[in-house]
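Read the structure below first, then the notes.
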Amino acid sequence: MYTTELGKQPNVKPIGPAEDPALLEAFEARVAADEFIEPKDWMPEAYRRTLVRQISQHAHSEIVGMLPEGNWITRAPSLRRKQILLAKVQDEAGHGLYLYCAAETLGTSREEMIEALHSGKAKYSTIFNYPTLTWADIAAIGWLVDGAAIMNQVPLQRTSYGPYARAMVRVCKEESFHQRQGYEAMTELANGTAAQKRMAQDAFNRWWWPSLMMFGPPDENSPNTAQSMRWRIKRDTNDELRQKFVDITVPQAEYLGLTVPDSALKWNDDKGGYDFGEVDWDEFYAVVRGEGPVARERMTARREAWEQGAWVREAAAAHEAKRRKRAAA
Amino acid sequence: MSDWPLWEVFVRAKGGLAHRHVGSVHAPDAELALRHARDTYTRRQEGVSLWVVASAAIIASDPDQSGELFEPAADKVYRHPTFYDIPDVVKHI
């Protein structure tokens, strides 16, 4: 799963006033030469802040991403599907942990990040604020949402910050299973009874546009893209990745006999890709502001999980304290 | 409650290879750090052995000093076999 960078301040100053121009120049040269920046290396404050925001949002998305799928574990249609979904949800937790660790190397604490998520201050991917109404939604999420995630994450394996790039290598290795199991589940529905086919098409209709939104706002409204590209935090623009996703996914939908819910979709020979309709950006920004259909439910579930797990964390800490006391005695 | 201590995780992929750093976990003690490391970093047979080391126990060199620390090696080219000219007729050397 993935988040694109959301909720950015439009006027992040690229260079702090107090920063040494010689250090900055050396940093820019290293990044331009595709060197990796490691935790203890000097870096501009704006680079650090952008990364903390992007990596922590990415981590939060993995964690919140467990919720729409988690509530289908007990309702999976077979033991096989249940095992697969459990493994996938566990992977999402793992991905969140890899990413939190990467963000922590920049000097933020896990506690601060969790607190920012639970207080609603931090953003996470808009995609998780849509509901999962039927089993076909779980298939569609694997295929489309994880598919979009892969499209986004593959270039991040070469992002300039070493710990983030290394976390992405691990994530990408695991993500392919997520997409393939989703497509396989979708194939079964698409080849099933009339009711199952309807379910597949309905889920596809509801997840297509939110999946395209996962790549973030159009390039002309993405003020920090240029800076992030220059610092090699980002390797492709939002629109480039969105186009790539459409081009790859449309034939996959055709194979399933599903209709893409976009009347403007048309192959364009000249550009060697599809032309497609305008994403409803008003809806996107509304979801970013926290007005998604199940935004409140997601955060309530997240906070409840955190509070209900408190006794486990306290017990582990108490056990450690007791053992330390015994060892000292 | 503030964060549990941080532990660095190292995995030996298979016998014959060294343990390699893969990431970190938070845990109250070493035993739980090992368990968390297992769940987080070895879900797909990534390894046959795990190490966890308290992050605070790692002493790292300073990147700002890397010039002084590592550069002297660059001007000692005679440490490399290619520094020495051996006639082509001489074999196996």
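The values are calculated or read from the model by the stated rules, or taken from the named source; none is laboratory data. Because the structure is predicted, anything quoted here is derived from the model rather than measured. Heads up, the Cβs are rebuilt from the backbone with ideal geometry, glycines too, and the neighbour counts pull from every protein chain shown. For the accessible areas, the whole protein counts, side chains as well, though only heavy atoms, and no ligand, DNA or RNA atoms are used. Shrake-Rupley method; radii C 1.70, N 1.55, O 1.52, S 1.80 Å.
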Q: Can you check what the Kirkwood hydrodynamic radius comes to for the protein assembly as shown, Cα pairs only, in Å to one decimal?
A: 23.9
(Q) What distance in nm separates the two pseudo spin-label positions at residue A:239 and residue B:3, each 7 Å out from Cα along the beta-carbon direction? (A) 3.9
Q | residue A:128 accessible area, 1.4 Å probe, all protein chains in place, Å² to nearest 10 | A | 10
Q.
Just to be sure I understand: if you take the accessible area of chain A alone plus chain B alone and subtract the pair, with a 1.4 Å probe, what total do you get in Å², rounded to 100?
A. 1800
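Report, in debye and to the nearest 20, how large the dipole of chain A comes out about its Cα centre when Lys and Arg carry +1 and Asp and Glu carry -1 on their Cβ.
Details: 42 positive and 46 negative charges, 317 e Å.
So the dipole magnitude of chain A works out to roughly 1520 debye.
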Q | Residue-normalised accessible area of the protein assembly as shown, given per residue in Å² at a 1.4 Å probe | A | 52
Q. Looking at segment B:47-66, which residues lose a minimum of 10 Å² of accessible area between their chain alone and all protein chains in place, measuring with a 1.4 Å probe and not counting ligands or nucleic acids?
A. B:60, B:63, B:64
Q.
So, taking all protein chains as they sit and a 1.4 Å probe, how much accessible area belongs to residue B:93, in Å² rounded to tens?
A. 150
(Q) Could you put A:306, A:143 in order of accessible surface area, largest first, with the 1.4 Å probe and the full protein assembly present? (A) A:306, A:143
**Q.** Ranking by accessible area, most exposed first, for A:161, A:124, A:183 with a 1.4 Å probe
**A.** A:183, A:124, A:161
Q: Using a 1.4 Å probe over the heavy atoms of the protein chains, calculate the carbon and sulfur portion of the accessible area of the protein assembly as shown as a whole percent.
A: 56
Q) Using the alpha-carbon centroid of each, what span in Å lies between segment A:213-245 and segment A:261-329? A) 21
Q. Which sequence of A:98, A:285 reflects their accessible areas, 1.4 Å probe, from the largest down?
A. A:285, A:98
